[in-house]
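Here the structure is laid out as structure tokens; the discussion comes afterwards.
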Amino acid sequence: MRLDKMVSHAFGITRSVAREKILRGLVRLDGKRVDKPSSQVDAGIQNKLELINHNTGNRDTTTWKTHDHVLFYKPRGCITAQWSNKHKTVIEVLQQTPYFKPRLRPVGRLDLDTTGLLLFTTDGELLHRLTHPDWHVPKRYDVETMHPVTEPMIARLRQGVELKDPRTGKFRLAAASDLKPISDTRMEMTIGQGMYRQIRRMFASQGTEVVELKRISMGPLELPDELRIGEAMPLSEDLVQTTYACVSL
């Protein structure tokens, strides 16, 4: 995270004011003067921040830990929601792991029967950018269908099919940015959008049903081989940085 952004969040001031105070030498990080607003502060480390009042010399001190980010292997039978009176939620499953934090929020949605990679974060801006269609963050899925998928069907899915957006009532073009057949009924499919049940509806428009759907990647994040269904793990520092970079943060 950039130093000016951290100072802004930690002391409740604007980024421009934070930059000014850093440049004037009024900020201490772990006891040391820092004067470069663009300096990167390691993710996941608890830092002691001090803001000096240039009139009185008094110091406002706080500790700041950069945001938490957790990869979760979502199982079937739970929904991506904070709570539900009908189904178990991903929050309830995540609570059974050592990495649950109350402020963690899921990035995007996987439906009840979809499994695979689901990122949780405490950073609202990161969540917003990763899920906003303007950023075109690619999401790759392992798809298995009930019936064989033919070459003409693959061509139509790549070209795009019209799907109704439940939020607006308008029809939008939904296309596969990449589609790699593995067998007649199994393929890897990449999309840049995130419409409601998009992949299932795209294949339904071609006369077949998706029987298994697993997300295997999102942006730079891959579902780790060592992660089992229902388990979670924190993002490494390198993955945190590449994830932020993919949405220009």
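The values are calculated or read from the model by the stated rules, or taken from the named source; none is laboratory data. This is a predicted model, so every value here is computed, not measured. FYI the Cβ positions are ideal-geometry reconstructions off the backbone, even for glycines, and counts take in every protein chain you see. The area values use the complete protein model at the heavy-atom level, side chains included, leaving out ligands, DNA and RNA. Shrake-Rupley method; radii C 1.70, N 1.55, O 1.52, S 1.80 Å.
Within segment 227-248, being farther than 16 Å from Ile216 by Cβ and open to solvent by 70 Å² or more (accessible area, probe 1.4 Å) holds for Glu237, Asp238, Gln241, Ser248.
The residues of segment 67-88 that are within 26 Å of Thr243 (Cβ to Cβ) and either open to solvent by less than 10 Å² (accessible area, probe 1.4 Å) or in contact with a helix residue (DSSP H, G or I) (Cβ under 9 Å, 6 or more places away or on another chain) (or both), listed by number, are His67, His69, Val70, Leu71, Phe72, Lys74, Pro75, Cys78, Ile79, Thr80, Ala81, Gln82.
No other residue among His147, His136 is open to solvent by 20 Å² or more (accessible area, probe 1.4 Å), on the phi > 0 side of the Ramachandran plot and out of contact with any strand residue (DSSP E or B) (no Cβ under 7 Å at 6 or more places or on another chain) apart from His136.
Residue-wise test of (1) over 15 Å from the mean Cα position of the chain (by Cα); (2) at pLDDT 95 or above; (3) more than 20 Å from Arg2 (Cβ to Cβ).
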residue: Phe203; (1), (2), (3): yes, yes, yes
residue: Glu212; (1), (2), (3): yes, yes, yes
residue: Ser217; (1), (2), (3): no, yes, yes
residue: Leu221; (1), (2), (3): no, yes, yes
residue: Leu239; (1), (2), (3): no, no, no
residue: Thr243; (1), (2), (3): no, no, no
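Could you tell me whether Arg228 is closer than 21 Å to Ile79 by Cα, more than 18 Å from the chain's Cα centre (by Cα) and part of a helix (DSSP H, G or I)? Here the answer is no, as Arg228 does not meet what is asked.
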